[in-house]
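Q: First the structure, which I've put down as structure tokens, then a few questions once you've had a look.
The values are calculated or read from the model by the stated rules, or taken from the named source; none is laboratory data. Predicted, not measured: the structure shown is a model, and the values here were computed from it. So basically every Cβ, Gly included, is an ideal-geometry build from the backbone, and we count neighbours across all protein chains shown.
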Amino acid sequence: MKHLLTDITGIGESTAALLAEHGIDSVTALRKTSIKKLCRVPGFSETRATVVLACADELKSADKALKRAEKDALQTAIQAAKKEKKAIRQAEKDAEKAARLAAKDVKKATRQAEKEAATLAKQAAKNAKKAGTPNKADKPNKGKKKKK
């Protein structure tokens, strides 16, 4: 992230203008500057130069930490999305498997019901045939005439 010199603690607008006159116009340029060179700028003692450089380094470290945190957050979000996608795929597979098993059970139950219906129909036909056929004692003699 690009920062202005005024983002550093201890540097205001006038100090930033003064630093720019001495060739220090960015935080990067300030960080590359030695304490001796910074002490040549009016208003900078060795103590102030040390503090300002430390603040510039701290600003850079904060940027690195922020970038690292953003990267970690992005990686975490990517991992969570991958896990969610995997869970969705697994749920779809489970649903398909359940549907296949249900269809198989329905087919099996249908076959069993058809088999039972055929058995019952066969039994009913057999019972109907039995009920419709007279016993031998009840049957009239065919072709034989009764004697009087």
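Q: Of the numbered conditions (1) outside any helix (DSSP H, G or I); (2) at pLDDT 95 or above, residue 134 fails exactly one; give the number of that condition.
A: Result: residue 134 fails condition (2) only.
Q: It is to be established whether one or more residues within segment 9-16 are part of a helix (DSSP H, G or I), in contact with a Ser or Thr (Cβ under 7 Å, 6 or more places away or on another chain) and either exposed (fewer than 14 other Cβ atoms within 10 Å of the Cβ) or small (Gly, Ala, Ser) (or both).
A: Going residue by residue through segment 9-16, those that are part of a helix (DSSP H, G or I) are 13-16.
Right, trim to in contact with a Ser or Thr (Cβ under 7 Å, 6 or more places away or on another chain) and you get 13, 16.
Among the residues that remain, those that are also either exposed (fewer than 14 other Cβ atoms within 10 Å of the Cβ) or small (Gly, Ala, Ser) (or both) are: 13, 16.
Looking through segment 9-16, at least one residue is part of a helix (DSSP H, G or I), in contact with a Ser or Thr (Cβ under 7 Å, 6 or more places away or on another chain) and either exposed (fewer than 14 other Cβ atoms within 10 Å of the Cβ) or small (Gly, Ala, Ser) (or both).
Q: Related question: When residues of segment 17-55 are filtered for being surrounded by 14 or more Cβ atoms within 10 Å (Cβ to Cβ) and among the small types (Gly, Ala, Ser), how many remain?
A: So the count comes out to 3.
Q: Let me ask something else about it. Output the residue which, of all residues in segment 17-31 that are without any contact (Cβ under 8 Å) to a residue 24 or more places away in the chain and in a helix (DSSP H, G or I), is farthest from residue 42 (Cα to Cα).
A: Out of the qualifying residues, it is 28.
Q: Continuing with this model, one more query. Could you tell me which of the residues 68, 100 is in a helix (DSSP H, G or I), modelled with pLDDT of 95 or more and under 30 Å from residue 2 (Cα atoms)?
A: Values: 100 fails: under 30 Å from residue 2 (Cα atoms).
Unique residue meeting the criteria: 68.
Q: So which residues in segment 32-55 are among the hydroxyl-bearing types (Ser, Thr, Tyr) and part of a helix (DSSP H, G or I), if there are any at all? Spell out how you get there, then give the answer.
A: Filtering segment 32-55 down to residues among the hydroxyl-bearing types (Ser, Thr, Tyr) leaves 33-34, 45, 47, 50.
Passing the criteria: 47, 50.
Q: Do we find a residue being outside any helix (DSSP H, G or I) and not aromatic (Phe, Trp, Tyr) anywhere in segment 79-89?
A: Step one: filter segment 79-89 for residues outside any helix (DSSP H, G or I), giving none.
No, there is no match, as no residue in segment 79-89 is outside any helix (DSSP H, G or I) and not aromatic (Phe, Trp, Tyr).
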